[in-house]
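Structure first, then comments.
The values are calculated or read from the model by the stated rules, or taken from the named source; none is laboratory data. Bear in mind that the values here come from a model prediction, so they are computed numbers and not experimental data. In this analysis, Cβ positions are derived from the backbone assuming ideal geometry, glycine residues included, and neighbour counts consider all displayed protein chains. For the accessible areas, the whole protein counts, side chains as well, though only heavy atoms, and no ligand, DNA or RNA atoms are used. Shrake-Rupley method; radii C 1.70, N 1.55, O 1.52, S 1.80 Å.
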Amino acid sequence: MYSISSENTPKLSGEILVPGDKSISHRALILGSMVNGRIEIKNLLESEDVIATANALKTLGVTIKKFKNKWEICGQGIGSFSGSNYLLNMGNSGTAARLLMGVVAGSDVEATFTGDESLSKRPMRRVILPLLKTGAIFKEPDKDTLPITLRGNKIPLPLTYQSPVSSAQIKSCILLSGLSSLGKTTVIEPSLSRDHTERMLKFLGANVETTQLQDMSWKISVQGLPELKPLNINVPSDPSSAAFPIVSAIITPNSKIKVKNICVNKLRMGLFETLVEMGANIEVSNKREINGELIADISSSSSDLKGVKVPKSRVPSMIDEFPILSIAAAKASGNTVMEGVEELRYKETDRIKAMCDGLQKAGVETIDDKDIMVVKGKGSNSCIGGGVEIHSKLDHRIAMSFLSLGLTSKKPIIVNDTETINSSFPNFLGVMNELGARLKYVN
Ligand code: S3P
């Protein structure tokens, strides 16, 4: 169990790359195993979450190999998985668990899904309910948490499902299961969640339609049994990882940094929009497209921030960024009010509670009230006390957020159980120290 300490830093500067996007990496492996032929993936995120997906696909019989800086997958076509008694350990990753349940539900496969302590507490009924309607059989259909055993169908029933929450994991699970059905599978969600599955499916040749309905909800459909072309995939860098150095530079004096080749899909940009409203110096340059995704470079520099109200409608586009937004909010003048954030309670840990508890410990006042979180900012010239130890709660984004706060606190902040950072940003410490931070392992 490793702890990392973060201490007051005079400045951050330089140009960096952060690792590949986690969501796109999971999907590249999963859809790569369903194309007809061999593909190469570059810049795949080699983090524990993504490796959990790769290992599960290997267990299901897919040939996946790494050569120097690229990964090779021999796709077997849609509906090619078969067999029973598979044990698929998803580690810490909700995305791996929920997306692969969709794959298994659409295959002639019986498998048991397990996960670590954090994942074993996270809700799975949100995907069990729709998958039951496609004909998947669950050993204990009333269960909500892993371990879960299910038997899928080689030809699942096509489904139209109205999801109560906007969740890319629920949407992708259903669309993936629908790939092997004979008809059209449709998901309706209240607002549009990240659309990497839809974009990659389109890029590989599937017929996907996205339309906004009169009540402002979104309808996403995929036609079953598409012929997926074996096209190589280049994974852009992860905006959710880039968020940590970008916010760190904004809250650290005398700083200016650039993070290159970031996925700037507009359904992932909520944090950056919010930071600009708060008064942050952020510049997006060099926009271009790779395999159906928009990418760009993002620069940020030290800024005087003011508190803002984040509307509920923006939550899906920054669902993973609230922990690091709360750190920026702690250094802003005035209150930052985050509304409609209840989904944060179902992430790797209850992120509202983890951020509020940790910030209070570090000397920042917060309010934790059902689906609202408030951070009472201390202003950019104030110095936050620090001198505390924060537990990661096995949540990578909680760990990295408090290490970012330590860059501007009076006394160092120590974060315990930091191995969890490997689930999304394995070289976080190296990248931050390259910019001038002084993060170090402590006993
Ligand atoms: C993800 C979707 C998000 C996000 C997660 C990755 C994905 O979850 O929190 O880290 O890759 O589909 P929900 O959209 O289910 O809330």
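When you check Val284 against the structure, is it open to solvent by less than 10 Å² (accessible area, probe 1.4 Å), of a type outside the set (D, E, K, R) and part of a strand (DSSP E or B), yes or no?
No: the conditions fail for Val284.
Filter the range 258-281 for residues that are basic (Lys, Arg) and either in a strand (DSSP E or B) or surrounded by fewer than 21 Cβ atoms within 10 Å (Cβ to Cβ) (or both) and give the result.
Passing the criteria: Lys258, Lys260, Lys266.
Condition (residue is more than 16 Å from the ligand (Cβ to nearest atom) and surrounded by fewer than 21 Cβ atoms within 10 Å (Cβ to Cβ)) applied to the range 243-252: is it met by at least one residue?
No; the residues of the range 243-252 include none that is more than 16 Å from the ligand (Cβ to nearest atom) and surrounded by fewer than 21 Cβ atoms within 10 Å (Cβ to Cβ).
Can you tell me which residue is nearest to Thr114 (Cα to Cα) among those in the range 131-144 that are open to solvent by 40 Å² or more (accessible area, probe 1.4 Å) and of a type outside the set (Lys, Arg)?
Step by step, filter the range 131-144, then rank; the result is Asp144.
Across the range 191-205, what is the number of residues that are open to solvent by less than 20 Å² (accessible area, probe 1.4 Å), without any contact (Cβ under 8 Å) to a residue 40 or more places away in the chain and out of contact with any strand residue (DSSP E or B) (no Cβ under 6 Å at 6 or more places or on another chain)?
Within the range 191-205, residues that are open to solvent by less than 20 Å² (accessible area, probe 1.4 Å), without any contact (Cβ under 8 Å) to a residue 40 or more places away in the chain and out of contact with any strand residue (DSSP E or B) (no Cβ under 6 Å at 6 or more places or on another chain) number 0.
Conditions: (1) farther than 25 Å from Leu344 by Cβ; (2) within 16 Å of the ligand (Cβ to nearest atom). Glu140 meets all but one. Number of the miss?
The single condition Glu140 does not satisfy is (2).
Any residue that is part of a helix (DSSP H, G or I) and within 16 Å of the ligand (Cβ to nearest atom) - is there at least one of those in the range 232-239?
Scanning the range 232-239, I find at least one residue that is part of a helix (DSSP H, G or I) and within 16 Å of the ligand (Cβ to nearest atom), so the answer is yes.
Listed residues Ala105, Ala111, Ala96; which is touching a Phe, Trp or Tyr at 6+ places or on another chain (Cβ under 7 Å) and either surrounded by 24 or more Cβ atoms within 10 Å (Cβ to Cβ) or of a type in the set (Ser, Thr, Tyr) (or both)?
Ala111
Restricting attention to the range 152-174, and to residues there that are assigned to a helix (DSSP H, G or I) and within 11 Å of the ligand (Cβ to nearest atom), which single residue is nearest to Arg27 (Cα to Cα)?
Ser172
Take the conditions of a type in the set (D, E, K, R), out of contact with any Gly (no Cβ under 8 Å at 6 or more places or on another chain) and surrounded by 23 or more Cβ atoms within 10 Å (Cβ to Cβ) and apply them to Lys22. Does it pass?
Criteria met by Lys22.
Does any residue of the range 31-38 turn out to be away from the ligand (no atom under 16 Å from the Cβ), under 20 Å from Leu201 (Cβ atoms), in contact (Cβ under 8 Å) with a residue 40 or more places away in the chain and open to solvent by 60 Å² or more (accessible area, probe 1.4 Å)?
For the range 31-38, residues away from the ligand (no atom under 16 Å from the Cβ), under 20 Å from Leu201 (Cβ atoms), in contact (Cβ under 8 Å) with a residue 40 or more places away in the chain and open to solvent by 60 Å² or more (accessible area, probe 1.4 Å): present.
Condition check: in contact (Cβ under 8 Å) with a residue 24 or more places away in the chain, open to solvent by 30 Å² or more (accessible area, probe 1.4 Å) and within 14 Å of the ligand (Cβ to nearest atom). Does Arg126 satisfy that?
It is true that Arg126 is in contact (Cβ under 8 Å) with a residue 24 or more places away in the chain, open to solvent by 30 Å² or more (accessible area, probe 1.4 Å) and within 14 Å of the ligand (Cβ to nearest atom).
Among the residues of the range 293-316, write down those that are open to solvent by less than 20 Å² (accessible area, probe 1.4 Å) and hydroxyl-bearing (Ser, Thr, Tyr).
Listed by number, the residues that qualify are Ser299, Ser300, Ser303.
Restricting to the range 104-150, name every residue that is closer than 20 Å to Glu343 by Cα and among the aliphatic types (A, V, I, L, M).
Leu119, Met124, Val127, Ile128, Leu129, Leu146 - these are the residues of the range 104-150 that are closer than 20 Å to Glu343 by Cα and among the aliphatic types (A, V, I, L, M).
Against the condition more than 16 Å from the ligand (Cβ to nearest atom), basic (Lys, Arg) and under 20 Å from Gly83 (Cα atoms), how does Lys202 come out, does it pass?
No; evaluated as a whole, the condition is false for this residue.
Looking only at the range 42-77, count every residue that is surrounded by fewer than 24 Cβ atoms within 10 Å (Cβ to Cβ), farther than 22 Å from Asp116 by Cα and either within 14 Å of the ligand (Cβ to nearest atom) or not aromatic (Phe, Trp, Tyr) (or both) and tell me the total.
Going through the range 42-77 one residue at a time, the tally reaches 16.
Give the number of residues within the range 207-242 that are open to solvent by 10 Å² or more (accessible area, probe 1.4 Å) and of a type in the set (A, V, I, L, M).
Total meeting the criteria: 5.
Got a number for residues in the range 312-371 being among the charged types (D, E, K, R), over 24 Å from Ser241 (Cβ atoms) and touching an Asp or Glu at 6+ places or on another chain (Cβ under 6 Å)?
3
As an exercise: evaluate Leu87 against (1) open to solvent by 10 Å² or more (accessible area, probe 1.4 Å); (2) within 22 Å of Leu201 (Cβ to Cβ); (3) of a type in the set (A, V, I, L, M, F, W, C) and give the number of the one condition it does not meet.
Here Leu87 meets the rest and fails (2).
Identify all residues within the range 78-99 that are within 16 Å of the ligand (Cβ to nearest atom) and β-branched (Val, Ile, Thr); write none if there are none.
Residue satisfying the conditions is Thr95 alone.
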